[in-house]
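The numbers here are math on the coordinates, done by the rules we state, and not lab data. Nothing here was measured: the structure is a model prediction, and the numbers come from that model. Glycine gets a Cβ as well: all are built from the backbone with ideal geometry, and neighbour counts include every protein chain shown.
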Amino acid sequence: MSRLQFSDGVTFDLSGELRIERRSDGLYVVGQGMMQAIDSREEGEKLIAEMRLGSSEMDDNDERGPKRPTVRLIGEDGNAFSIIGRVKKSLRSAGYSKEQLDEFQKEAMSGNYDNLLATCMKWVDVE
């Protein structure tokens, strides 16, 4: 079972199928090893549909690009720049291009800490 636990004790079970969960601070799409904050149930349903479509497309194109790396975040330094550095290092080792690394960093730094974590889970498998 894949879990993400924050320093305030809030825990997300990231295993299982994609689903929408309501927490005290808002709505999230969770499952398949990822978590993404959303603004509305409709946005969540749209995200799930897009991810399911993208997942089936990725299955067809598995041989085309670098493999998705796994990065240990749980129990490690939670500083945002440390997280970005570890994820970029893993992406680089997996064969991602400089442009892709720049795209990841721009996306990861485009919002708050929740956005950073969601972006990491979009690009790598988190453990």
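Things worth noting here:
- By the count of neighbouring beta-carbon atoms within 10 Å, fewest first, 96, 113 end up ordered 113, 96.
- Lysine pairs within the chain, Cα separation less than 14 Å, 8 or more sequence positions apart or different chains: 9
- Each of 8, 102 was scored by other Cβ atoms within 10 Å of its Cβ. Listed from fewest to most, they are 8, 102.
- If you run the Gaussian network model on the chain, springs between alpha carbon atoms under 10 Å, then out of 19, 68, 52 the most flexible one is 52.
- Cα gyration tensor category, rounded, prolate or oblate, for segment 66-127 with a/c compared to 1.5: oblate
- Here the gap between residue 23 and residue 98, fully extended at 0.36 nm per residue and compared with their Cα-Cα distance, gives a gain of 23.4 nm.
- Under 19 Å from the residue 53 label point (7 Å along Cα→beta-carbon), backbone N, segment 1-19: 18-19
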